[in-house]
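The values are calculated or read from the model by the stated rules, or taken from the named source; none is laboratory data. Quantities reported herein were computed from a predicted structural model and do not represent experimental measurements. Methodologically, a virtual Cβ is constructed for each residue, glycine included, from the backbone with ideal geometry; neighbour enumeration extends over all protein chains shown. Note: areas computed on protein heavy atoms with side chains; ligands, DNA, RNA excluded. Shrake-Rupley method; radii C 1.70, N 1.55, O 1.52, S 1.80 Å.
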Amino acid sequence: TGTRQGDVEECKALAEVFAGCSAVRSNNTKSIIGHAMGAAGVLELAANLSSFEDNFVHPTINLDNPDPACALPGLVAGKAEKVEQVETILNNSFGMVGINSVVIIKRFMAD
């Protein structure tokens with residue numbers, strides 16, 4: 001959301017859900033594209049889908065002094081990170097006045 005309270009709450013929730021999951025990587029697409037209001041979620045997802053093909057997790061940019069309350073293990077900041085393979089993308093869209101959505105996309109694997 002880009003607000004102190006919203007960012008802290010979102011980070012606390014993610015840290016709790018993914019505690020002990022060392023392979024999880026987090027990024028913030030909004031740091032690159034800005035706040036697109038109602039279009040933010042779809043733009044964020046579109047920006048992350050290429051990770052299924054190239055195995056790069058794009059970075060959170062313009063993050064010079066992270067708030068300790070928002071410390072996420074696996075946060076990709078500053079430059080993209082190449083990973084072995086991206087299997088799943090979780091896209092959080094936390095918006096103003098408590099409007100939130102989460103979409104989970106899994107890599108398609110033909111049987």
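Using only the alpha-carbon atoms, how far is helix 40-49 inclined from the longest principal axis of the chain? Give it as 0 to 90 degrees, nearest 10.
Value to nearest ten degrees: 30.
Mind giving me the FRET efficiency for Asn62 and Phe108? R0 is 25 Å, r the Cβ-Cβ distance, nearest 0.05 is fine.
That gives a FRET efficiency of 0.15.
How high is the relative contact order of the chain? Use alpha-carbon pairs under 8 Å, at least six apart in sequence, and give a whole percent.
Reported relative contact order: 29 percent.
Could you give the size of the charge dipole of the chain about its Cα centre, using +1 on the Cβ of each K and R and -1 on the Cβ of each D and E, expressed in debye and rounded to the nearest 20? Don't skip to the answer; put the middle values down first.
Numbers: 8 positive and 13 negative charges, 22 e Å.
Taking the Cα centre of the chain as origin, the dipole is about 100 debye.
Given 5 Å bins starting at zero, what is the percent of C-alpha pairs of the chain in each, up to the one with the largest pair distance?
2, 11, 22, 26, 23, 12, 3, 1, 0, 0
Multiplying the sequence separation of Ser101 and Ile32 by 0.36 nm and subtracting their Cα-Cα distance, what value in nm do you get?
22.9 nm
Any idea of the accessible area per residue across the chain, 1.4 Å probe, to the nearest Å²?
67
Leaving out ligands, DNA and RNA, and with a 1.4 Å probe, what % of the accessible surface on the chain is carbon or sulfur? If you can, show how the numbers build up before the last one.
Details: 4350 of 7440 Å².
Here it works out to 58 percent.
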